[in-house]
Amino acid sequence: MKKSIIFPLTISIIAISFSAIFVKWSDAPATVISMYRMWFACILMLPIVWIKREEFKKITSKETRLLIFSGLFLAMHFALWFESLKLTTVASSTIILALQPLVSLIVGFFLFKERTTRASIATLAVATIGVGLIGWGDIGLSAQAIRGDILSFLCVIAVVGYLFIGQNAVRKVSHWIYSFCVFLSAAVFLTIFNLATTQPFFDYPPKEWGVFALLAVVPTLSHIINNWLLNYVNATTISMSILGEPVGASLLAVWLLGEHMSIIQLIGGVMVLVGMSLFLIRQSSAARPALERSSDAQAATTESP
């Protein structure tokens, strides 16, 4: 049976779009929000990880180092982005975050010699122009907003590092074990940072704990899906799909936070969706043989005595 990467990527985009909204609802420090998101996600994954616990024996020392570094980059990504959201608008922060495909494309070209077609570059350009239109009238000019914009760009570099490490490590272990190890590593790094900076750990109202839990369940699902998809597509494709986040997050911000979108921003959103869809359709066609081979291999394993 033929499978497509479009459906899981769509679920991933919807899930990740809620992340900025949840962070905006919280008054806790950004690194504390990030820390509890990772710890709660690890706790929720424990039943599946326990079932697959034998896989830990397959992880080599080199792979362990890769998982730790991947967790460090993920911790930096969350801490920088969540702080950015406290300083600027949802649209501004997610727009800058959507520069990720461009950074990913550049890193992939220079470090991994990845190639892409002119058609893919054209669809990427359409989507990126759309992202720019979304934030045309929304990017803040105050000192605080500019600081938030800078932090958002730094988190782009961090998440690209996280994805490229995953692209090389996830094929050696299952995506469940990979995700758990990376989340645990990120949680430990964030805990150490919060201890060193004497952030409060427990003095939060029930609303805050609810936000921590929502972040662990909803947007973290996106990372698990993306880690699984790295078996079949490269980091640039995953980054391209995340271009849908500014659209989803901005629409949710209008509905839940009272933020506004102009006509230009709505046009930009349409351009993002069109460009992203064309790119993903092309990538889905390329990824389908790998998905089919994976299914055939799993079926053969199941049928073997």
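For residue 233, the amide hydrogen comes within under 5 Å of no other amide hydrogen, counting only partners 5 or more places away or on other chains and with H modelled in the peptide plane. Fully extending the segment from residue 69 to residue 274, taken as 0.36 nm per residue of separation minus the present Cα-Cα distance, adds 70.3 nm. Across the stretch 25-38, rounded Karplus estimates of 3J(HN,Hα) from the backbone phi angles (6.51 cos²θ - 1.76 cosθ + 1.60, θ = phi - 60°) give 6, 9, 9, 6, x, 4, 6, 6, 4, 4, 4, 5, 4, 6 Hz, Gly and Pro being marked x. Each label was represented as a point 7 Å from its Cα along the Cα-to-Cβ direction; for residue 51 and residue 267 these points are 5.0 nm apart.
Taken one residue at a time, the phi angles of the stretch 252-258 give Karplus couplings (6.51, -1.76, 1.60, θ = phi - 60°) of 5, 5, 5, 6, 9, 10, x Hz. Gly and Pro are set to x.
Shown for 251, 66: other C-beta atoms within 10 Å of each C-beta, ranked fewest to most, produce the order 251, 66. Taking θ as phi - 60° and the Karplus parameters 6.51, -1.76 and 1.60, the scalar couplings of the stretch 68-77 work out to 5, 5, 4, x, 5, 5, 5, 4, 5, 4 Hz in sequence order, x denoting glycine and proline. Close amide H pairs (under 5 Å, H built 1.01 Å from N) link residue 59 with no residue at least 5 positions away or on another chain.
All of the numbers you see were taken from the coordinates with simple rules; none came from a lab. What you see is a predicted model, and the numbers here were worked out from it, not measured in a lab. Cβ sites come from the backbone with ideal geometry, for glycine too, and all protein chains shown count toward neighbours.
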